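See below for the structure under consideration.
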Amino acid sequence: MAGKTLYDKLWEQHVVSMDANGTALIYIDRQLVHEVTSPQAFEGLRIANRKPWRVSANAAVPDHNVPTTERSAGVESIEDPIARIQVQTLDNNAKEFGITEFKMNDIRQGIVHVVGPEQGLTLPGMTVVCGDSHTSTHGAMGALAFGIGTSEVEHVLATQCLLQKKMKNMRIRVEGKLQTGVGAKDVVLAIIGKIGTAGGTGYAIEFAGSVMRDMSVEGRMTVCNMAIEAGARAGMVAPDEKTIAYVQGRPFAPKGDIMTRAIAAWKELNSDDDAVFDAEVVLQGEEIEPQVSWGTSPELVIPVTGFVPDPEQETDAVRANSIRRALDYMGLKAGMAATDIPVDVVFIGSCTNSRIEDLRQAAAVVKGKKIASRIEMALVVPGSGLVKQQAEQEGLDVIFKDAGFEWREPGCSMCLAMNADRVPAGKHCASTSNRNFEGRQGAGGRTHLVSPAMAAAAAVAGHFVDVRTVMGGN
Amino acid sequence: MYHFTALTALVAPLDRANVDTDAIIPKQFLKSIKRSGFGPFAFDEWRYLDIGEPDMDCTHRPKNPDFSLNQPRYQGAKILLTRRNFGCGSSREHAPWALKDYGFDAVIAPSFADIFFNNSFKNGILPIVLSEEVIQQLFEEVDANEGYQLTIDLPSQSISTPSGQVIAFEVDAFRKHCLLNGLDDIGLTLQRAVEIKSYEDARKVSMPWMFNE
Ligand code: SF4
């Protein structure tokens with residue numbers, strides 16, 4: 001009998017029961033809740049007069065709508081009345097149902113996918129869900145983590161379970177080594193460029209290979225975060241010594257004997273040597289260059305040394321059409337060099353790239369330099385209050401501010417522009433976030449997805465540059 | 001919970017691949033704490049020439065005449081015909097809420113994003129996957145025939161075209177059962193409370209760290 005994949009093992013450990021046609025009831029260990037996708041779920045519970053099944057399995061944090069400017073007055077600092085009601089509703093629901101919440105002015109507040117691992121709420125071997133597609137991030141811990149809709153949020157609150165069909169197994173191996181200046185973000189953008197935004201649809205992706213083993217846990221979060229941009233609801237990396245070291249000592253992590261037992265169990269969480277995957281993709285680390293997305297879908301990405309594609313040379317009509325629309329929206333010409341794309345706005349933040357290592361990488365590039373005169377806005381938005389505090393202790397805030405960046409309070413911010421942080425129409429933004437859809441960062445805004453180091457280099461140059469050449473002098 | 005059995009309705013085309021949830025319902029409308037009222041803002045950025053804000057009265061907003069759903073011949077459509085990877089992007093259930101509130105009961109495409117696909121069933125929208133060739137044929141027929149209608153029959157899992165062609169489609173047995181009977185997922189799961197409890201109790205013993213809170 002063939003061996004099991006990591007996903008097979010995680011799945012089997014969580015099946016409560018399975019019906020004849022393969023629909024399983026699976027147990028959910030952790031649910032994270034934010035203000036945008038939960039109000040209707042709590043309302044549903046109230047209407048049906050139901051209680052949460054296991055209150056302590058849930059944790060809540062507002063992130064999408066919170067302002068990133070001065071906000072010492074808490075919820076009252078939110079100017080937009082509709083957004084304010086939504087955050088207030090989360091506070092009220094958490095209180096009413098007894099759910100732990102990291103409120104706006106709690107130092108532990110931040111983007112839900114940064115806060116979960118940081119607090120030790122996300123552990124290897126868990127099933128983790130949240131009404132948010134980037135829940136795939138938590139798979140970096142060796143968890144089965146995926147986004148769900150609001151009806152399912154309500155279902156998990158009420159039953160601690162979900163009805164699911166098993167996904168197929170895909171393994172993406174990144175072998176060899178990465179070049180200096182190439183990071184986790186470039187790896188995942190290169191993967192999406194290769195398999196497309198629907199390449200992972202129906203699969204759970206395990207990221208493996210020497211590049212993933214060598215990568216830090218935070219880097220793995222960046223890769224798993226964008227599994228959803230490759231169409232896969234879940235991405236994961238087998239836990240190892242790095243994962244265990246990361247978990248140790250976190251506030252909600254196990255301690256003492258129980259931790260010892262947990263570690264023994266986590267060491268079993270990997271794909272057997274003879275496990276069979278339904279699909280396998282291999283990339284060579286040395287071949288991956290810094291990436292820049294040029295279009296309005298994450299798969300429309302090129303190496304920084306590359307050129308914007310020409311729809312006339314595309315044989316698939318649907319794809320040629322997408323390229324044409326994207327060129328038009330982005331205001332770019334077919335065949336132009338990636339390094340000729342101008343940059344007006346820079347955003348360093350989001351659940352993809354707002355952890356301490358991301359900020360360190362960006363700071364290393366801008367240190368002692370100034371942002372270009374054409375840059376109209378350059379934001380650094382730490383992923384959580386604790387990341388912000390750590391960065392300030394290391395003096396990163398000063399480096400950014402000296403260079404001309406604004407140093408903000410934690411939240412989703414310009415990643416989706418639900419709060420006041422927006423890319424103006426027609427402007428090009430070098431962004432460390434994960435989606436470049438039309439209007440994502442503000443109506444008419446033009447998003448280019450890049451790594452923190454590439455965003456920082458673009459801020460200094462006023463257009464995209466190959467960060468490897470900038471770093472050459474160091 | 002919603003019922004769905006059979007439907008004969010006008011078809012509207014949306015000839016784009018990778019239609020994402022940000023396009024289906026832009027983020028400014030996600031601030032609502034309600035489930036309803038999203039229909040007038042469905043596809044807001046494509047549908048109107050001005051910028052939409054929550055609570056706006058949409059009746060007098062300038063419409064984009066080039067957007068297919070704005071054409072008079074497609075008013076009242078309940079079936080949306082579109083291209084591959086429909087509903088990609090976020091997990092927001094606001095997307096199917098908006099489509100349902102707009103009036104769509106079924107979406108036909110060559111493929112869907114997973115989370116959107118799931119969310120659709122829970123909101124009484126039947127997502128139907130057909131091959132690229134059949135989708136192409138339907139686009140051509142819709143374009144050529146004003147008032148083009150399809151009949152979707154869930155019990156027999158088939159679609160009938162005006163010319164009498166019958167196209168079969170796949171649907172998961174459990175989801176079909178829930179849609180046909182209008183069953184509430186949570187109620188069904190709670191009938192298995194004893195099973196869940198015993199799984200949980202065993203897990204507390206075998207993996208106590210999962211309950212370390
Ligand atoms: S940072 Fe962006 S992608 Fe991440 S949860 Fe917030 S809005 Fe979603």
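Structural remarks
- Subset of the range A:409-435 (residues that are touching a strand residue (DSSP E or B) at 6+ places or on another chain (Cβ under 8 Å), among the polar types (S, T, N, Q) and under 18 Å from A:ALA378 (Cβ atoms)): A:SER413, A:SER431, A:THR432, A:SER433
- Matching residues, the range A:93-114, being within 11 Å of the ligand (Cβ to nearest atom), more than 14 Å from chain B (Cβ to nearest Cβ) and either in a helix (DSSP H, G or I) or in contact with a Phe, Trp or Tyr (Cβ under 6 Å, 6 or more places away or on another chain) (or both): A:VAL114
- Candidates in the range A:368-416 are the residues that are aliphatic (A, V, I, L, M) and within 14 Å of chain B (Cβ to nearest Cβ); of these, the one that is farthest from the ligand (Cβ to nearest atom) is A:MET414.
- Wholly enclosed strands (runs of 3 or more DSSP E) of the range A:245-351 bearing at least 1 residues closer than 17 Å to A:GLU438 by Cα: A:291-293, A:301-303, A:345-348
- Helices (runs of 4 or more DSSP H) contained in the range A:115-232 and holding at least 1 residues under 18 Å from the mean Cα position of the chain (by Cα) and away from the ligand (no atom under 15 Å from the Cβ): A:184-195, A:210-214, A:217-225
- Residue match in the range B:22-35 (condition: surrounded by 18 or more Cβ atoms within 10 Å (Cβ to Cβ) and more than 13 Å from chain A (Cβ to nearest Cβ)): no
- Condition check for B:ALA98: farther than 24 Å from A:GLY199 by Cβ, in a loop (DSSP other than H, G, I, E, B), touching a residue at least 12 places away in the same chain (Cβ under 8 Å) and more than 16 Å from the ligand (Cβ to nearest atom): no
- Within the range B:39-56, none of the residues are crowded, with 21+ Cβ neighbours inside 10 Å, within 16 Å of the ligand (Cβ to nearest atom) and within 26 Å of B:PHE4 (Cα to Cα).
Condition check ((1) surrounded by 21 or more Cβ atoms within 10 Å (Cβ to Cβ); (2) closer than 28 Å to B:THR21 by Cα; (3) in contact with a helix residue (DSSP H, G or I) (Cβ under 8 Å, 6 or more places away or on another chain)) across all residues:
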{"position": "A:ALA20", "(1), (2), (3)": "no, no, no"}
{"position": "A:ILE28", "(1), (2), (3)": "yes, yes, yes"}
{"position": "A:VAL33", "(1), (2), (3)": "yes, yes, yes"}
{"position": "A:ARG46", "(1), (2), (3)": "no, yes, no"}
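- Residues that are assigned to a helix (DSSP H, G or I) and facing another protein chain (nearest Cβ under 8 Å), drawn from the range B:101-131: B:ASP114, B:ILE115, B:ASN118, B:ASN119, B:LYS122
- Residue count for the range A:302-325, restricted to those that are within 14 Å of chain B (Cβ to nearest Cβ) and among the aliphatic types (A, V, I, L, M): 4.
- When residues in the range B:140-176 are screened for being more than 11 Å from chain A (Cβ to nearest Cβ) and assigned to a helix (DSSP H, G or I), 5 of them pass.
- Filtered by the rule that a residue be in a loop (DSSP other than H, G, I, E, B) and closer than 15 Å to A:LEU162 by Cβ, the range B:185-202 gives a lone residue, B:ARG192.
- Members of the range B:3-18 that are within 11 Å of chain A (Cβ to nearest Cβ) and at pLDDT below 95: B:ARG16, B:ALA17, B:ASN18
- Residue within the range A:330-351 that is within 14 Å of chain B (Cβ to nearest Cβ), closer than 22 Å to A:THR68 by Cβ, within 16 Å of the ligand (Cβ to nearest atom) and in contact (Cβ under 8 Å) with a residue 60 or more places away in the chain present: yes
- Members of the range A:23-44 that are more than 9 Å from every other protein chain (Cβ to nearest Cβ) and closer than 26 Å to A:PHE277 by Cβ: A:ALA24, A:ILE26, A:ILE28
- Note on the range A:221-265: residues that are facing chain B (nearest Cβ under 9 Å) and either without any contact (Cβ under 8 Å) to a residue 12 or more places away in the chain or hydrophobic (A, V, I, L, M, F, W, C) (or both) amount to 10.
- Looking at A:ILE205, A:ILE148, A:ILE195, just one residue is touching a residue at least 12 places away in the same chain (Cβ under 8 Å), farther than 16 Å from A:THR127 by Cα and within 14 Å of chain B (Cβ to nearest Cβ), and that residue is A:ILE195.
A quick yes/no check of all residues on (1) crowded, with 24+ Cβ neighbours inside 10 Å; (2) assigned to a helix (DSSP H, G or I); (3) modelled with pLDDT of 95 or more:
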residue	(1), (2), (3)
A:ASP402	no, yes, yes
A:MET418	yes, no, no
A:PRO424	no, no, yes
A:ASN434	yes, no, yes
A:ALA459	yes, yes, yes
A:GLY473	no, no, no
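- If you go through the range B:1-27 and keep only what is in contact with a Cys (Cβ under 7 Å, 6 or more places away or on another chain) and part of a strand (DSSP E or B), you end up with just B:ASP20.
- Checked against the criteria, B:ASN64 counts as within 30 Å of A:PRO81 (Cβ to Cβ), away from chain A (no Cβ under 13 Å) and among the polar types (S, T, N, Q).
- Considered as a group, the residues in the range B:28-84 that are part of a loop (DSSP other than H, G, I, E, B), among the charged types (D, E, K, R) and touching a Lys or Arg at 6+ places or on another chain (Cβ under 9 Å) include one that is farthest from A:VAL318 (Cα to Cα), and that residue is B:ARG61.
The values are calculated or read from the model by the stated rules, or taken from the named source; none is laboratory data. Predicted model, so just to flag it, every value in this text is computed and none were measured. Note: ideal-geometry Cβ built from the backbone for every residue, glycine included; neighbour counts use all protein chains shown.
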